[in-house]
Each structure stands twice: as structure tokens, then as C-alpha cells.
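A.B. asks: Input: one structure, supplied below.
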Amino acid sequence: MAAVFLVTLYEYSPLFYISVVSLCFVVTAAMVLGWFGFDVPVILRSSDETESVLPTPEKQMVQMTNPFALQMCSGPASVTDGVSLRPGCLEPCVLSCFWGCEVRALQGTLQAHQHCRRLCTPQHFQQALHPHYHHCQSFHIGSGDEAEHHTHIPTDHRITDFGPLPRERYPLVAVLTLAESEARDTYNIVASVTVLHVPDGRYSLSARVLFQYLLTTQGNMYELKPLFMSADSGGASEPPESEHSTQPREANDGAISGEPSPEEEEEEVEEEEDWSGAGGRGCVVCQNAAVNKVLLPCRHACVCDSCVSRFQHCPICRAFVLEAFTLTKEGGATGR
């Protein structure tokens, strides 16, 4: 009887046929979107979706020693007056300041380091960037020297700004390289590239670090990025994390804080500080275990070991989770 009734509706009601086809299309589209990680209404989700979520890949960390550190001083900074920088290095280094460096030239130089040409000395950077900058100034930094060094564009250049937005030049690119060849054979990281914004008459945004890159002898490039932690994490400040990137990116308005400290003997690419105090940070999902997983690419540190495998999206920003890495050190290990 039910079959006869449906056949009758199908023959005498075109609206029924249209409704069935539309429903099948909506369900199929929802299943396809959910498969590729898009959000779909809860009513269209399977009841056992949490059980079928694929485990989040564990990103491996690599331990290495970073001999470079660079921070901006708190004094006034501008294109006309210059800016003061305070480097701190484990070995004698050379600080090269490139004023008005072209964006495309710097990105091409970083790509060349990754593919064909290793940049290990100040001369390598000057040859690769020449003549795509307005002025270059170099300082020799001794081991453990944390004195301030003031860099500026000479007045005879008559440069007061770098044009209207969007700009084709970075105001200042500071490059730290090892001065001695023996040190370059010792350390895996051989150069630190820091892009800084310096205010001028056209763009008065305060001086800040736009981004930092660490270059290695194998032709790899690691981009230092901050982690996003809860503000009420037991009174502890937000220590930044560094995440490696293999492609240069354009500058953004967010400042990269927490440059690597020279007093730290060893630094991990995915972990700059010992997270022994992470036990006071509760997982935002279960509210029970400690936070010890960082989700990538959004870099939110918000879940524990048990909960990280239950989600395809970050609980904070809903970004799709591609990878994760561990914050805490277990059993004296330097990272997993």
C-alpha cells in the first residue's frame, strides 16, 4: 500500500518529485562539504562523527642552537632619525641593516637560499640584495655584547619616507650573520633575518618587528611565530613559539614578539621555552587535563592529549586542524 501511495503521489504531484530531488541534493552536498572539512548543520551530521574523526598528525620537533637575538630599543624611531637595535649573540656576529630594501628582492633572496644559493655571510646578502636597497650599514657584534647600535639613513640621501601604500620596499631589514667561519661550521642556524617597520611622515604606525626568519646551512628557513594562549593561564605571560615555514610570506601588521634569548643554550624550532608550567592551563574542552597541544596552522594552545584527536576544527577559532605538536617535555626529552 505504501508503494502504491508513493507511486500515486509521484504520478499526480510534480511538487513531490521536485522535493525528493532537492532533498537528495542537499544531503549529498552536505556530505561532500563535511568530507572536505567545511561546517555543516548539526542535523545533517552523523551521530558517530566524533568516533570517525581521523587522528591529528603529530608534528615532529627538531632541536637546534640559535646563536642570534635581536630586539628593538624603546627609544624614538623614525626614518629620518633612525632606530636603535640591541643584538645579543653567542658568537661574534655582523649586523647588516638594509634601509629601503625591495620586497621582491628580499623574497627572491630567501627563495634562492632554499633552492640553490646558501646565504651564510654578510657579503652574500649584500651581493644578493644589491642594488635593491637605499643604504646599508654594518656593525660588528662581539660575543655576549648587548650594547645598543643606532642605524640611520645619511641625510645626503634625502629619504624621508618610502612612498604611499601599498609599498614596494621594507623600511628596514636587519640581518645577523656569524662573523667566523669556524662558528658557521658549529651552528646549524647561520643567519637571522628581521624585517622591521619604522614610522615616517606618510605612515605613522609605531616601530615594530613585522616578522623574523632563521636560515640554516641545509637551505631551510624557519619563521618565528607566536603562540596563542589563554590570558588567565595561572598568571604566566604568553611565551611565543616559533614555527618553521618553507615559503617566504609578505609582511603583516601583527608584531612578532619574543626574539630568542642568547642566554638559552638550546632552542627548539617548535618550542622556545620549557613548558614545565603548562600544568596550570586547563583544556578548554574537558576542563580537566593540562593544555599540552598546539594546533596548526592557527597555533592555538588550548587542548590536551585526549581531546586533540576528537576534533577536526580548532575549538577557539574553528579553523581546520592540519597538524599539532606537543608543548610539554616528557621524561627529560627535548620534544616529540
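The values are calculated or read from the model by the stated rules, or taken from the named source; none is laboratory data. The model shown is predicted, which means the values in this text are computed figures rather than measured ones. No Cβ is skipped: glycine too gets one built from the backbone with ideal geometry, and neighbour counts run over all protein chains shown.
A.B. asks: Cβ contacts < 6 Å: first residue at pLDDT 90 or above, restricted to region 179-197; second residue of a type in the set (Lys, Arg), any location; separation 6+ or different chain. Result?
C.D. replies: Hits for this filter: VAL190/ARG184; HIS197/ARG208.
A.B. asks: Continuing with this model, one more query. Residues in region 76-127 that are assigned to a strand (DSSP E or B), closer than 21 Å to ARG169 by Cα and of a type outside the set (Gly, Ala, Ser): how many? Even if it seems obvious, please write down each step before you answer.
C.D. replies: Residues of region 76-127 that are assigned to a strand (DSSP E or B), as a first pass: 78, 82-87, 93-102.
Next cut, closer than 21 Å to ARG169 by Cα only: 78, 82-85, 95-102.
Now drop any that are not of a type outside the set (Gly, Ala, Ser), which leaves 83, 85, 95, 97-99, 101-102.
Adding up the residues that qualify gives 8.
A.B. asks: All but one of (1) of a type in the set (Asp, Glu); (2) at pLDDT 85 or above; (3) farther than 30 Å from CYS116 by Cα hold for GLU264; state the number of the condition that does not hold.
C.D. replies: Failed condition: (2).
A.B. asks: Related question: Take region 165-192 and flag every residue that is of a type in the set (A, V, I, L, M) and farther than 16 Å from LEU95 by Cα.
C.D. replies: LEU165
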